[in-house]
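The values are calculated or read from the model by the stated rules, or taken from the named source; none is laboratory data. Since this is a predicted model, take the numbers as computed values, not measurements. With ideal geometry, Cβ positions are generated from the backbone for all residues, glycine too; neighbour counts draw on all protein chains shown.
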Amino acid sequence: MKLYSTNNLKHIVDLKTAVLKGLPDDNGLYMPISIPSLPSSFITNIKDYSLAEIGYKVCKTLFDGYIDASNLQGIIERSITFPAPLVPLNEKMGVLELFHGPSMAFKDFGARFMAQLMGHFNKDEDELLTILVATSGDTGGAVAAGFLNTPGIEVVILYPSGKVSDIQEMQLTTLGGNIRALEVAGTFDDCQTLVKQAFLDKELTQRKRLASANSINIARLIPQSFYYFEAYKQLQDHSLDTVFSIPSGNFGNLTAGVLAQKMGLPVSKFLAATNVNDIIPNYLKTGEYTPRPSKRTVSNAMDVGDPSNYKRLADIFSKEGSTWNNMKDMLKGYAYTDAQTTAGVKDIYDRFGYMMDPHGAIGFLALEEYTQGKDVNGVILETAHYAKFKDTMDSTLGFSTDTPERLQELLGKKKVAKQIGVSYGEFVKEL
Ligand SMILES: *Cc1c(COP(=O)(O)O)cnc(C)c1O
């Protein structure tokens, strides 16, 4: 399997390099040279396949023999270990629950698969591999859990101080072992900038083997395509058009959906649903991509002012004609304030008895706004369990929502994090 950089189509690498490097030196993002189609019988017979079998078939097609069958089987079996059920709200709308993994957010899929793939590619190396990851909330916990105790690999997590929930903070500061947390006195964008700077720092990359675990790593994206097929498999009526509504921040999840579509999944629209950090909805409206500093919201995992996967989306949709026209044919943008988001949480609970976290609620609002009167299969990606946002849930619903046992255990543990400022000098001293 070969990939290129979105900044230079002639910069071509194999999958191992793309996964271990994470980011090309030219500051682009890696993309597969070709996105092969699955056989049409795969879609027709999809009900016969488990989620892990779907994952295996997607990878087999995409990797095209790059990883042998038995290693690939092992990677899938060890990473795809929990389900992605589609829970109907009514006949037209379903919630794809992506929170059944260890950190209770969809990022477990990407993080576990990436950890397995990196472990596979790293197994013959002597030197320690350092994974750098900036998190706006959920990435850190998923990556920490995914890599915990992987031999030959250490993980350094950067998170914005005071801008993640208590549970999120505990998930990334309490594991110990090969996992270290840096609490940065800044925003998520500051954390992301520090990580990007580290990869461009020649002195550092000469003395340390670095890899990235953000949604910019192609290994994160690939497994996120599996559950779009899994959702389709669980739909009752395949004669209707299918619309996915995706609460988005860095747009890795949405890009993975487009990847699934390119491989043959029948999808009629993707809804790019954001909070007030509406860079992509704004681009879809105006044709201008204008990054802005992110604003803090109740859906904090989507507080992103310069979504990194925009480059991949622009690349995918640039193939023929105008990128903007192609993109707005397939993606519809929607953005909501915190007041609308919490009203959505309440509305979903009142009408369907379903507890949806603030991120998922944004997906719900977008789907409702889009579908008015349309006869489609609507699928909302529920990106995290509501218990991770207990304060917002409780104040919105007016009662104390329950906390699953595995999150409760976390709150009793001791936080270990090193506090640093936003300067690169301070960060690099820790490496
Ligand atoms: C990370 C995250 C998102 C945003 O996903 P992207 O792939 O970055 O768009 C949405 N919801 C939750 C709960 C998340 O953790």
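Scanning the stretch 242-270 for residues being more than 10 Å from the ligand (Cβ to nearest atom) and either more than 25 Å from residue 336 (Cα to Cα) or in contact with a Leu (Cβ under 6 Å, 6 or more places away or on another chain) (or both) gives a total of 10. Residues in the stretch 281-297 that are among the β-branched types (Val, Ile, Thr) and either over 27 Å from residue 103 (Cα atoms) or surrounded by fewer than 17 Cβ atoms within 10 Å (Cβ to Cβ) (or both): 286, 290. Taken over the stretch 82-105, the criterion of being modelled with pLDDT under 95 and not polar (S, T, N, Q) is satisfied by 91, 92, 101, 102, 104, 105.
Filtered by the rule that a residue be part of a helix (DSSP H, G or I), more than 16 Å from the ligand (Cβ to nearest atom) and crowded, with 20+ Cβ neighbours inside 10 Å, the stretch 298-348 gives a lone residue, 315. Whenever a residue of the stretch 94-114 is polar (S, T, N, Q), its partners that are near the ligand (Cβ under 9 Å from one of its atoms) and not in a helix (DSSP H, G or I), lying with C-beta atoms within less than 9 angstrom and at least six residues away or across chains, give the pairs 103/384. Has the stretch 139-161 got at least one residue that is in contact with a strand residue (DSSP E or B) (Cβ under 9 Å, 6 or more places away or on another chain), surrounded by fewer than 23 Cβ atoms within 10 Å (Cβ to Cβ) and closer than 18 Å to residue 302 by Cα? Among the residues of the stretch 139-161, at least one is in contact with a strand residue (DSSP E or B) (Cβ under 9 Å, 6 or more places away or on another chain), surrounded by fewer than 23 Cβ atoms within 10 Å (Cβ to Cβ) and closer than 18 Å to residue 302 by Cα, which makes the answer yes.
Just to check your reading of the model, which residue among 5, 79, 70 is on the phi < 0 side of the Ramachandran plot and surrounded by fewer than 17 Cβ atoms within 10 Å (Cβ to Cβ)?
70
Scanning the stretch 84-127 for residues that are more than 24 Å from residue 355 (Cβ to Cβ) and among the charged types (D, E, K, R) yields 112, 123, 124, 125, 126, 127.
Just checking, does the stretch 110-133 include any residue being aromatic (Phe, Trp, Tyr) and modelled with pLDDT of 95 or more? Yes; the residues of the stretch 110-133 include at least one that is aromatic (Phe, Trp, Tyr) and modelled with pLDDT of 95 or more. The numbered conditions (1) of a type in the set (A, V, I, L, M); (2) without any contact (Cβ under 8 Å) to a residue 40 or more places away in the chain; (3) within 16 Å of the ligand (Cβ to nearest atom) are all true for residue 142 except (2).
Listed by first and then second residue, the pairs with beta-carbon distance under 9 Å, at least 6 apart or on different chains, first residue in the stretch 376-394 and near the ligand (Cβ under 9 Å from one of its atoms), second β-branched (Val, Ile, Thr) and outside any helix (DSSP H, G or I), are 381/95; 381/246; 382/87; 382/95; 383/246; 389/298. Residues of the stretch 263-280 that are in contact with a Pro (Cβ under 8 Å, 6 or more places away or on another chain) and either buried (at least 24 other Cβ atoms within 10 Å of the Cβ) or under 19 Å from residue 192 (Cα atoms) (or both): 272, 273, 274, 279, 280.
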